[in-house]
Every structure is written in C-alpha cells, then in structure tokens.
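Here, each number is a calculation from the coordinates, and none is a lab measurement. Here the structure is a predicted model, which means the values were calculated and not measured. Note that we place each Cβ from the backbone using ideal geometry, even for glycine, and neighbour counts take in every protein chain shown.
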Amino acid sequence: MVKDLYKFEDWNDISEHQRIGDILLSCGKINLLHLAMALDAQKFQRVPLGVMFVVLKIISKEELAQTLLVQRYIDDRISSGIN
C-alpha cells in the first residue's frame, strides 16, 4: 500500500524509525534508482540524503520538509509508546 506523505494517519502502523529514503519509497515519491543515484552522489557532496534528493531535483523542498515531519511524527509516536 502506498502511503500519503501528507496524511499522518497513513503512518500509524509504523513501529520503528524510518530513514528518509524509506519514507520516500513508501509514498512513491522516489524509486530504487533515485535512491541509488542520491546515495552515490552523496558520497562526493557530503550533504544529508534528503538535501541530495532536492539538489538532484528528485523531490521538492516542500516534499523534503514534509518527509522530515513524517519522520519526526513516527519517532515521536514510538518514543511515547503510542501504536
């Protein structure tokens, strides 16, 4: 099931920390080729992976910001014990 990046309730079934690439894959914003390209480019640029996706124009700055919010939402739920 593809998750909506803008609906926090779509992420309620996640019970462990999610990396940026995993979140973007889960919502269909990137594919494995995008992930591989960004990881490869990151080796030379030394910037966070999310920033690399924006630099490569794979996602927008808004999508990166929303992805980081989703990541924080998941981590907050986990740390508070809410499932």
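One line per residue, one yes/no per condition, for (1) part of a helix (DSSP H, G or I); (2) without any contact (Cβ under 8 Å) to a residue 24 or more places away in the chain; (3) buried (at least 19 other Cβ atoms within 10 Å of the Cβ):
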site	(1), (2), (3)
6	no, no, no
10	yes, yes, no
24	yes, no, yes
30	no, no, yes
38	yes, yes, yes
43	yes, yes, no
51	yes, yes, no
62	yes, yes, no
77	yes, no, no
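Any idea which of (1) assigned to a helix (DSSP H, G or I); (2) in contact with a helix residue (DSSP H, G or I) (Cβ under 6 Å, 6 or more places away or on another chain); (3) not polar (S, T, N, Q) is the one residue 14 doesn't satisfy?
(1)
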